[in-house]
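Here is the structure we will look at.
What follows draws every value from the coordinates through simple rules; no lab data is involved. Since the model is a prediction, treat every value here as computed from it, not as a measurement. Counting neighbours? That spans all protein chains shown, and the Cβs are built from the backbone with ideal geometry, glycine included.
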Amino acid sequence: MNLIISSFFIINLFLGICRAETNKFFEIDKKNFIAVKIKKDLLGNIERGKKIFISRKVNCLSCHEVPTIEEKFQGNFGPPLGGIGSRYNKEELRLRVVDAKSINPDSIMPSYFKRIKFERTPAEFFNKTILSAQEVEDLVEYLYSLK
Ligand code: HEC
């Protein structure tokens, strides 16, 4: 019996550590659909954000169009993002980038700051996030600048 109780605590402690780790940069508030920045000195940059946005690494443009970007072949799986900075504040935008699936679990949009742990994830990507916390902030600044 004691063993069961102590293993329960050990498992919980372990889960607690994991949770704290994923939430080192952003705290997700699922009730209000926002992600709050914990590290206040982590500052995004609009120009860097734009570069990430149009890069092939994240492929935002394969699903979204932004009228102010000249790139060809913009997608329409997702809503157009022109003027998105007037519709959402930074905390709302951050959650959409960090983990769109926490809003809609069936979303086809990837969760860009969630550790990838699928069974068949290649070892080099396993337990890693697609974007770094810095890149998330750069994207948030860029999206927020689209007024
Ligand atoms: C595979 C397609 C896909 C990709 C890639 C994708 N998105 Fe999305 N995105 C969507 C869809 C679909 C929605 C609509 C809501 C939903 O289903 O989650 C969405 C919603 C959004 C929203 C909220 C829009 C609104 O009006 O509510 C933002 C902001 C956004 N995406 C930003 C991005 C950024 C930034 C990237 C790249 C880092 C990106 N998306 C990559 C498909 C995608």
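With the highest mean first, a sort of the peptides 48-58, 129-139 on other beta-carbon atoms found within 10 angstrom per residue produces 129-139, 48-58.
In order along region 57-67, the phi-based Karplus estimate (6.51 cos²θ - 1.76 cosθ + 1.60, θ = phi - 60°) of 3J(HN,Hα) comes to 4, 10, 6, 3, 5, 6, 10, 10, 10, 10, x Hz; Gly and Pro are listed as x. Across region 13-130, Cα-Cα distances exceeding 26 Å account for 24% of all pairs.
Using θ = phi - 60° in the Karplus curve 6.51 cos²θ - 1.76 cosθ + 1.60, the 3J(HN,Hα) couplings for region 91-108 round to 5, 6, 5, 4, 5, 4, 7, 5, 7, 4, 6, 6, 8, 9, x, 8, 4, 7 Hz; x is entered for Gly and Pro.
Consider a paramagnetic label point 7 Å from the Cα of T68 along Cα→Cβ; state which residues of region 83-112 have an amide N under 14 Å from it. Taking a point 7 Å out along Cα→Cβ of T68, the residues of region 83-112 whose backbone N falls under 14 Å are 83-88.
A cut-off of 5 Å between modelled amide H atoms, ignoring neighbours fewer than 5 places along the same chain, links F26 with I38.
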